[in-house]
Amino acid sequence: MAEDYDIVIAGGGPVGSALALGLRDSGHRIALLEARPRDAAVEDARVIALSHGSRLVMERLGAWQALAEVTPIHTIAVSQQQRFGRVELSAADAQVPALGYVVSYVALQRALADAVAGSTVEVMNGCSAREFTSNADEAIVGVECGGMTRQFHTRLVALADGADGLQLARVEERDYRQSALVCEVISEEPHQNRAFERFTPHGPLALLPTHRGWSLVWTAQPDRANALAALNDADFCVELRAVFGATLGAFSLRGARQVFPLMLRQARRPLAPRVVLVGNAAQSLHPVAGQGFNLGLRDAWELAQAARDARDPGASATLNAYFSERRFDRTATILFTDTLIRLFSNNIPIIDRLCGAGLAALSSIPPAKNFLVRRMMFGARG
Ligand SMILES: Cc1cc2nc3c(=O)[nH]c(=O)nc-3n(C[C@H](O)[C@H](O)[C@H](O)COP(=O)(O)OP(=O)(O)OC[C@H]3O[C@@H](n4cnc5c(N)ncnc54)[C@H](O)[C@@H]3O)c2cc1C
């Protein structure tokens, strides 16, 4: 059975859903394919730190108000284990209400999906894109829905199927040899809307404030991350305090620990005529500094702007304008997160010491601090 659409979005995760929302009243006929069946439970312990810029985009998409349990971040303390260097970034200095907002991946996904469900976009849950072909005139997407094969003819295919999706266009893939252990913890001291990023020789450890306590993202070599996940609760909390320090008192654990392997992946673009990749399908980053979704949301927003008023949303002129608009932000954000990891996750004493000195210096140079804050709030165009 062949079906015709102007735009087919493969992947209804947060980025694909945001793209669908950005295009909802464009007049284009849009299909959003999501492999997961509708109402399937999403088991994901991740929280996402949304930047101030992402809040503004989410507001424009009409999905901000529906977000459940959003915790604003008022300060971020960046430090290095066994070094004195420390810098504190604050919303007051940056003259914004918050440096960022912490929300669970599940709540983010739900708010965006609910907003799409109330629009003209045709959402097809339990449908996986399997393959596509394209030429200058059209693209054809082969889809499997509940055991049936379907074919969608379209003018634009947006692949938003995440890092584990079709993986059609890898140009660079680098294993960080790190995994992120994610779980909820509670501390003796309340969070007071503070976030912490602590660099250790094994990888960064982040504590993000949530409605229930903290979300911990503890990065380490895969063996160590798995060993930490296997510790009993009490030993895990002792180990956490040993690495993080005594600032927040003793920790206790809430819920399960989940481990995510970490890679840098960047896709070649343009991949094929009438095909574009957005979000983690285009690039997946180390979670240090919480940039991945924020970058993907900017992809979705800019693609929606380029395609919504175009008579032919998949025309090469439309897509080339989009690629050149996104190139700088994408390259700079990947470089930013990758450099942080290369500099801080190492055992080379001279670099280690320089990083400590760098943090101390950053603390006393307001323009440099301001640059860092704007980069984290708005991306490379901030
Ligand atoms: C531990 C951790 C912490 C993070 N913290 C932050 C943070 O604080 N801030 C931040 O900005 N980013 C963060 N990120 C990154 C963020 O999670 C991702 O960038 C974001 O989830 C990407 O969204 P996406 O929609 O592109 O992909 P995904 O979230 O992977 O969604 C892809 C969707 O596509 C569907 N799908 C897959 N294959 C197909 C197919 N063939 N057909 C149809 N549908 C398909 C999947 O079911 C899924 O729903 C973090 C990542 C990790 C691992």
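The values are calculated or read from the model by the stated rules, or taken from the named source; none is laboratory data. These figures come from a predicted structure and were not determined experimentally. Please note: Cβ atoms are built from the backbone with ideal geometry, for glycine as well, and neighbour counts cover all protein chains shown. Surface areas here come from the heavy atoms of the whole protein model, side chains and all, with no ligands, DNA or RNA. Shrake-Rupley method; radii C 1.70, N 1.55, O 1.52, S 1.80 Å.
Going through (1) without any contact (Cβ under 8 Å) to a residue 40 or more places away in the chain; (2) more than 19 Å from the chain's Cα centre (by Cα); (3) closer than 24 Å to Ile30 by Cα one by one, Val121 falls short only on (1). Whether a residue is within 21 Å of the chain's Cα centre (by Cα), of a type outside the set (A, V, I, L, M, F, W, C), under 24 Å from His202 (Cα atoms) and within 16 Å of the ligand (Cβ to nearest atom) was assessed, and Arg298 does not pass this test. The set of residues in the range 68-86 being away from the ligand (no atom under 16 Å from the Cβ) and open to solvent by 40 Å² or more (accessible area, probe 1.4 Å) consists of Ala68, His74, Gln82, Arg83, Phe84, Arg86. Being at pLDDT 95 or above and closer than 14 Å to Gly11 by Cβ holds for only one residue in Asn135, Asn125, and it is Asn125. Restricting attention to the range 260-276, the residues that are near the ligand (Cβ under 9 Å from one of its atoms) and open to solvent by less than 30 Å² (accessible area, probe 1.4 Å) total 1.
If you go through the range 134-147, how many residues are touching a residue at least 12 places away in the same chain (Cβ under 8 Å) and away from the ligand (no atom under 12 Å from the Cβ)?
7
For first residues located in the range 281-295 and farther than 19 Å from Arg177 by Cβ and part of a loop (DSSP other than H, G, I, E, B), partners that are within 6 Å of the ligand (Cβ to nearest atom) and modelled with pLDDT of 90 or more and lie 6+ apart or on another chain with Cβ distances below 8 Å form the pairs Ala282/Gly296; Gly290/Ile48; Gly290/Ala49.
For the condition away from the ligand (no atom under 14 Å from the Cβ), open to solvent by less than 70 Å² (accessible area, probe 1.4 Å) and closer than 25 Å to Gln192 by Cβ, what is the one hit in Leu108, Leu89, Leu99, Leu156? Let's see the steps before the verdict.
Working: Leu108 fails: away from the ligand (no atom under 14 Å from the Cβ); Leu99 fails: away from the ligand (no atom under 14 Å from the Cβ); Leu156 fails: closer than 25 Å to Gln192 by Cβ.
None of the others qualify; the one that does is Leu89.
Select from the range 50-60 the residues that are touching a residue at least 60 places away in the same chain (Cβ under 8 Å) and hydrophobic (A, V, I, L, M, F, W, C) and write down the one among them that is nearest to the ligand (Cβ to nearest atom). Residue satisfying both the conditions and the ranking: Leu50.
State which residue is surrounded by the fewest Cβ atoms within 10 Å (Cβ to Cβ) when the search covers only the range 28-49 and only residues that are more than 7 Å from the ligand (Cβ to nearest atom) and at pLDDT 95 or above. Spell out how you get there, then give the answer.
Pass one, the range 28-49, residues more than 7 Å from the ligand (Cβ to nearest atom): 28-32, 37-45.
Those left that are additionally at pLDDT 95 or above: 28-32.
On the way: His28: 21, Arg29: 16, Ile30: 26, Ala31: 22, Leu32: 29.
Among those that are more than 7 Å from the ligand (Cβ to nearest atom) and at pLDDT 95 or above, it is Arg29.
Within the set Asp4, Asp25, the sole residue that is away from the ligand (no atom under 13 Å from the Cβ) and in a strand (DSSP E or B) turns out to be Asp4.
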